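One structure is given here, and the rest of the page talks about it.
The values are calculated or read from the model by the stated rules, or taken from the named source; none is laboratory data. Treat the numbers as computed from the prediction; the structure is a model and nothing was measured. Don't worry about glycine lacking a Cβ; one is built from the backbone with ideal geometry, like all the others, and counts go over all protein chains shown.
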Amino acid sequence: MRLIGSGAEAGRTGPERGRRPRRVAMLSMHTSPLEQPGTGDAGGLNVYVVELSRQLAALGVEVEVFTRAVSSRAPTSAELVPGVTVRHVDAGPFEEVHREDLPAWLCAFTADVLRAEAGQEPGWFDLIHSHYWLSGQVALAVARRWGVPFVHTSHTLAKVKNDALAAGDRPEPPGRVRGEQEVIAGATRLIASTEDEREHLGGLYGAAADRVDVVAPGVDLDVFRPGDAARSRALLGLDPDGDLLLFVGRIQPLKAPDLLLHAAAELLRRDPGRRDRLTVAVVGGPSGSGLEQPDVLVKLAADLGISDLVRFQPPAPQRDLAHWYRAATAVVVPSHSESFGLVALEAQACGTPVVAAAVGGLRTAVADGVSGLLVPGRDPARYADALDQLLRQPHWRARLAAGALGRASGFGWSTTARGVLRSYRHALSPAAVAV
Ligand code: UDP
């Protein structure tokens, strides 16, 4: 066992805190920060890696993000913003590979990360931050070789997901559960998005609470801010006086956009007069085991007799999403499980109340009765109850909209980056770093 960094060389500022890292290797093997989120494997994790890296660079920490090259035309490295470089690693075919097949390319990815550092001066990176268990497996090997600590963010946990599977969804395979267990045991420190996740890391994976730092993700408050809803509606070709119920995200059983369609049908059953005013929009693309979902949703809308009011929109850049959020009467997030739920924060930052499942991180993202409503259980009638109240009571909706803005204002990415930096310093403290 070797301790990294004596007190003197670590230049620590307190008994528990090590020095700031100068250069961090950010590992995001399975999905690139350059991809458009909202479809396939690209979602909140991509946004997290981009925003965190940008903010760390602003705090003076250089970041190199390693991700698998999915095209032979991808440059070996590309600058994302000054201080943040994305490195494309050769590992596996130059095409999308299903997440479940990626473990076969872990060795190749690891070797290429090691090669990338070999040409640099010794100690080029002083810390690794891995995202999702696949990158965590790479970090296990690379951290040992470089003699640096590694901090790991799980983003989702297989055991939590498997406990709340949607009908027809495939359970996460035992290989992932085992791999995740190894990463959680081997990481110097773990970052959880919520206290809930810290408890899961302890209760389900045996991670001691004092090895876990709770750091909430953030929202880009410059992009997601209130604006002229009428202008957004006009831009999107929506009825200026109508009601919009909005789903944003990867279309997969776990996110349950079908529940929103059922709830909308229930709203119309209760009050058929609403049909002329109501639009339901689903923004996002197919993902994972939900590849068949858009077709299934189109058919479901037809079976429910609501095809005329449902709009399916391809994944949109965040600047366009802001218009969707502003135009919406409510954003609905009915996920089976959610480690945080950035969409809920983004909607609130635009001043739109959220109706969300009372699960996981959504219970942190949404303040029930203040910035939106949390719905227990999976009964569409309960979602219809919540939406019905919102649609009928514009004054209350305006109060929730104000509450939503207040809620989101506490979640900037710079706050996230400062919390993550504290975690890095713990990881670099002589007490923490033992490899
Ligand atoms: N997103 C996007 N365009 C889309 C749909 C989603 O940019 O068309 C982004 C969205 O802004 C959010 C992320 O994808 O930041 C989804 O994150 P969330 O935590 O809600 O879900 P995850 O994908 O992590 O399961």
Verdict on ALA74 being away from the ligand (no atom under 16 Å from the Cβ) and outside any loop (DSSP other than H, G, I, E, B): no
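I need the full set of residues from segment 170-196 which are touching a Ser or Thr at 6+ places or on another chain (Cβ under 6 Å) and over 21 Å from ALA139 (Cα atoms), in order please.
If the condition is that a residue be touching a Ser or Thr at 6+ places or on another chain (Cβ under 6 Å) and over 21 Å from ALA139 (Cα atoms), then ARG170, THR194 are the ones that fit.
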Between residues in segment 230-256 that are assigned by the TED database to the domain that holds PRO317 and on the phi > 0 side of the Ramachandran plot and residues that are within 15 Å of the ligand (Cβ to nearest atom) and in a helix (DSSP H, G or I), which pairs lie under 8 Å by C-beta distance while being six or more apart or on different chains? GLY249/LYS255; GLY249/PRO257; GLY249/VAL343
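Can we say PRO317 is without any contact (Cβ under 8 Å) to a residue 40 or more places away in the chain and over 26 Å from ASP276 (Cα atoms)?
no
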If you go through segment 276-285 one residue at a time, do you hit one that is away from the ligand (no atom under 16 Å from the Cβ), closer than 27 Å to ALA367 by Cβ and not β-branched (Val, Ile, Thr)? yes
Can you name the residue in segment 162-205 that is of a type in the set (D, E, K, R) and crowded, with 20+ Cβ neighbours inside 10 Å and is also farthest from PRO103 (Cα to Cα) among such residues? GLU197
Residue that is nearest to PHE66 (Cα to Cα), among those in segment 85-116 that are part of a loop (DSSP other than H, G, I, E, B) and acidic (Asp, Glu): ASP90
In segment 35-60, how many residues are surrounded by fewer than 23 Cβ atoms within 10 Å (Cβ to Cβ) and away from the ligand (no atom under 13 Å from the Cβ)? 6
Per the filter on segment 196-206, residues in contact (Cβ under 8 Å) with a residue 24 or more places away in the chain and part of a helix (DSSP H, G or I) are ASP196, GLU197, HIS200, LEU201
Looking across segment 206-259 at residues that are buried (at least 20 other Cβ atoms within 10 Å of the Cβ) and of a type in the set (Val, Ile, Thr), the single one that is farthest from the ligand (Cβ to nearest atom) is VAL212
Which listed residue is of a type outside the set (Asp, Glu) and in contact with a strand residue (DSSP E or B) (Cβ under 8 Å, 6 or more places away or on another chain), from ARG392, ARG378: ARG378
Enumerate the helices (runs of 4 or more DSSP H) found wholly within segment 300-381, keeping only those where 1 or more residues are away from the ligand (no atom under 12 Å from the Cβ), more than 21 Å from LEU52 (Cα to Cα) and touching a Phe, Trp or Tyr at 6+ places or on another chain (Cβ under 7 Å). none
With VAL63, VAL97, VAL89 as the choices, which residue is within 17 Å of ARG22 (Cβ to Cβ) and more than 16 Å from the ligand (Cβ to nearest atom)? VAL63
Looking at this structure, is GLY179 part of a loop (DSSP other than H, G, I, E, B), over 27 Å from ARG407 (Cβ atoms) and either without any contact (Cβ under 8 Å) to a residue 40 or more places away in the chain or of a type outside the set (Ser, Thr, Tyr) (or both)? no
For segment 281-294, does any single residue satisfy the condition of being outside any loop (DSSP other than H, G, I, E, B), closer than 18 Å to HIS323 by Cα and of a type in the set (Val, Ile, Thr)? yes
Evaluation of THR352 against (1) closer than 23 Å to ASP243 by Cα; (2) surrounded by fewer than 24 Cβ atoms within 10 Å (Cβ to Cβ) (one fails), failing number: (2)
Just to be sure I understand, how many residues within segment 215-254 are within 15 Å of the chain's Cα centre (by Cα) and at pLDDT 95 or above? 8
